[in-house]
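Taking it in order: structure first as structure tokens, then the write-up.
The values are calculated or read from the model by the stated rules, or taken from the named source; none is laboratory data. Only a predicted model underlies this, so the values are computations on that prediction, with no experimental measurement involved. Please note: Cβ atoms are built from the backbone with ideal geometry, for glycine as well, and neighbour counts cover all protein chains shown. Surface accessibility is based on the protein's heavy atoms, side chains included, excluding ligands, DNA and RNA. Shrake-Rupley method; radii C 1.70, N 1.55, O 1.52, S 1.80 Å.
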Amino acid sequence: PVAAITQRYDEQFRRLTAGDFLPADGSPGIGRLMQAFALTSAAEPVRAAIRAAQKRRDLPRGSAESVVDEAAAKGIVDAEGREQLLTAQAACLAAIEVDVFTDEEYYGSPDGVQGLTATGDDGR
């Protein structure tokens, strides 16, 4: 029960974290994580509607994000709910994305320049 309270971004969560430093939404690190948490919590009713439709067999099995287009086409969720769910998914992916490089950035360019480095000097 207590752990469940901290797994929803609602008034109770905000009350528990009052006084804690939480960076602006979308800022790197914890800011992105908190933004994803808030958007995911807000999209939970959309997920619940999709899960209910899946239990009724009105939608195929799969993640809510994978069937949201079909759910919208069948009127199970509206366009706003669809967008809300997809925005939450994008925020989650942005929050967990680390060290994403193109092959050239990672392995270096054909002319011998090394890939990106932590110092930002391109391996020179």
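Just the protein heavy atoms count here, and of the accessible area of the range 28-98 at 1.4 Å, carbon and sulfur take up 56 percent. Accessible surface computed residue by residue for the range 28-98, with neighbouring protein chains in place and a 1.4 Å probe, gives 60 Å² per residue.
Loop-resident chymotrypsin sites (Phe, Trp or Tyr not before Pro) (DSSP state other than H, G, I, E or B) in the range 3-68 with no more than 16 further Cβ atoms inside 10 Å of their Cβ: Phe21. With Rh defined as the Kirkwood radius, the inverse of the mean 1/r over Cα pairs, the Rg/Rh of the range 28-98 is 1.03.
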